[in-house]
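These notes are about the structure you will find just below.
Coordinate-derived values only; no laboratory data. Just so it is clear, the structure is predicted and the values come from calculations on it, not from any experiment. Please note: Cβ atoms are built from the backbone with ideal geometry, for glycine as well, and neighbour counts cover all protein chains shown.
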Amino acid sequence: MRGEFELKAKEILARQVGHRCSNPHCRRPTDGPRTDPAMEVAAGVVACIVAASPGGPRYDPTLSRDERSSVDNGIWLCQECARRADSDEQHYTVDRLRRWKCRAEGAHLADLGETYLNRGDARRAIGAFEQALAVARRIGDRGMEGNALGNLGVAHRRLGRVRQAIEAGEQALAIAREIGDRRSEGAHLGNLGLAYRHLGEVRKAIECHEWALVIAREVGDRRSEGVHLGNLGNDCYALGELSRAIDHYEQALEITREIGDRRVVGSQLGNLGSAYRDLGEMQKAAETFEQALEIARQVGDRRGEGSRLSNLGNAYFELGEAQRAVECYEGALAIAREIGDRRIEGNTLANLGLLARELGEMPRARRLFHRALRIFEDIEHPSAVRVRLWLVELGPIGIGGLLH
Ligand SMILES: [Zn+2]
């Protein structure tokens with residue numbers, strides 16, 4: 001016999017578990033809005049953990065009528081799991097159903113946190129992960145606890161709270177090692193490496209990313225292998241070890257291309273191009289930025305397209321190809337204005353100014369530097385200092401030559 005739950009209670013219970021069956025072995029999406037149309041959708045029902053009336057499954061006479069009809073006594077299941085739970089009370093005990101309910105709630109909170117994080121809302125993500133962590137600790141689910149801590153670390157890092165990120169990440173890592181979860185261990189090491197680099201502890205970052213790489217290879221996770229290689233490249237770049245950075249970037253690119261993740265390929269090509277540029281290999285830098293530009297256009301990444309055009313402009317400038325540099329800078333400028341990226345806009349105006357100065361067009365250089373300076377002052381960007389210096393070097397308006 002089924003209890004008479006209010007419609008509101010049904011809504012609450014379904015929402016608590018993200019409109020999915022609470023049986024951890026089922027987790028089928030139930031009626032309600034969802035994102036993946038390929039998923040089979042079943043009707044969801046509220047089952048009573050303790051039967052509402054005598055004779056029903058798991059009836060407990062010590063509970064009051066109110067307790068039996070409260071939301072706490074309900075669990076959201078698909079129809080099939082509800083039927084099984086009510087037909088075999090020896091197997092589907094009160095304890096088992098209560099554990100399912102908590103686990104499903106924790107899993108939903110973790111999903112919710114990830115959704116917030118992907119949307120760039122790290123604050124709300126932290127709220128959801130902290131609730132998931134509380135659920136995990138209440139039911140003693142170490143795996144869920146470790147994942148919640150790992151995700152908390154990521155969210156803290158996004159907010160720039162690096163010490164908190166490291167603290168949560170180290171706890172998550174310890175749990176993954178304790179329960180022998182190699183995949184999570186690798187993921188936590190990868191995130192810890194990012195936090196250590198953020199803190200400027202690059203050697204420690206390299207140590208974490210190297211371990212993460214070993215684990216990714218051991219478990220055969222190609223995607224993570226590519227990500228960790230890319231991060232190792234960034235660590236070496238941060239240390240100024242450019243040849244090592246390039247070596248890692250190239251290995252990462254090979255894997256990312258194989259997987260076909262074009263967005264990541266584009267950003268890795270951008271990093272590789274920067275390493276070639278810093279190494280003074282301008283021709284290679286230009287070729288790499290061209291490839292990155294093409295991908296940014298293909299995937300419709302306007303910000304990436306603007307950055308790559310700006311990078312390419314610099315490479316052509318260094319190669320002495322003024323006309324191509326101007327074309328790239330002008331393209332970057334148009335995109336920066338379109339998407340409202342003031343930093344790229346300021347950089348590009350300043351670089352166009354430098355190019356004009358190089359070509360001896362001093363009045364034009366001055367106008368461009370002034371426009372760049374206004375933007376850098378607006379957004380309080382440190383490049384304002386350099387542009388002011390260049391303006392002083394150009395001398396007073398009307399003379400145009402360098403002052404000595
Ligand atoms: Zn089910």
Quick one: what are the phi-derived ³J(HN,Hα) couplings along the range 357-370, Karplus 6.51/-1.76/1.60 with θ = phi - 60°, whole Hz, x for glycine and proline?
-> 4, 4, 8, x, 8, 5, x, 5, 4, 4, 4, 5, 4, 4
Selected from 97, 237, 208, residue furthest toward positive end of dipole (the chain; charges at beta carbon) = 97
In the neighbourhood of residue 254 defined by beta carbon distances under 12 Å, the net charge of the other residues (Lys, Arg +1; Asp, Glu -1) is -2
Kindly write out, for the range 10-19 in residue order, the coupling ³J(HN,Hα) from the Karplus curve 6.51 cos²θ - 1.76 cosθ + 1.60 (θ = phi - 60°), rounded to whole Hz, with x marking Gly and Pro.
-> 4, 4, 4, 5, 5, 5, 4, 10, x, 6
For q = 0.06, 0.08 Å⁻¹, Debye-computed log10 I/I(0) when each Cα of the chain counts as one equal scatterer = -0.39, -0.61
Given the candidates 71, 23, 184, the one whose Cα lies deepest towards the positive end of the charge dipole of the chain, counting +1 at each Lys or Arg C-beta and -1 at each Asp or Glu C-beta, is 71
With +1 on the Cβ of every Lys and Arg and -1 on the Cβ of every Asp and Glu, the dipole magnitude of the chain about its Cα centre, in debye rounded to the nearest 20, is 860 debye
Distance in nm between label sites at residue 72 and residue 371, each 7 Å beyond Cα in the beta-carbon direction?
-> 6.8 nm
May I ask for the net charge around residue 299, where only other residues with Cβ less than 15 Å from the Cβ of residue 299 are counted and Lys, Arg are +1 while Asp, Glu are -1?
-> +3
Return the calculated 222 nm mean residue ellipticity for the chain, to the nearest 500 deg cm²/dmol, obtained by summing -39500 (n - 2.57) across DSSP H runs with n ≥ 4 and dividing by the residue count.
-> -23500 deg cm²/dmol
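Can you tell me the FRET efficiency between residue 139 and residue 262 if r is taken as the Cβ-Cβ distance and R0 is 60 Å, rounded to the nearest 0.05?
0.90
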Normalised by the residues of the chain, what does the relative contact order come to in percent, with Cα pairs under 8 Å and at least six apart?
-> 6 percent
With springs only between Cα atoms under 10 Å apart, run a GNM on the chain and tell me which of 305, 377, 254 wobbles the most.
-> 377
Between the range 78-153 and the range 293-335, how many Å separate their Cα centres?
-> 46 Å
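Gain in length, residue 297 to residue 118, computed as 0.36 nm per residue apart minus the alpha-carbon separation, to one decimal in nm?
62.2 nm
Taking the Cβ of residue 206 as the centre, find all other residues whose Cβ is under 15 Å away and add up their charges (Lys, Arg: +1; Asp, Glu: -1).
So the environment of residue 206 carries a net charge of -2.
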Hey, if you put +1 on the Cβ of every Lys and Arg and -1 on every Asp and Glu Cβ in the range 192-342, which of 198, 313, 253 ends up farthest toward the positive end of that dipole?
-> 198
Per residue, what volume in Å³ does the Cα convex hull of the range 256-404 take up?
-> 113 Å³
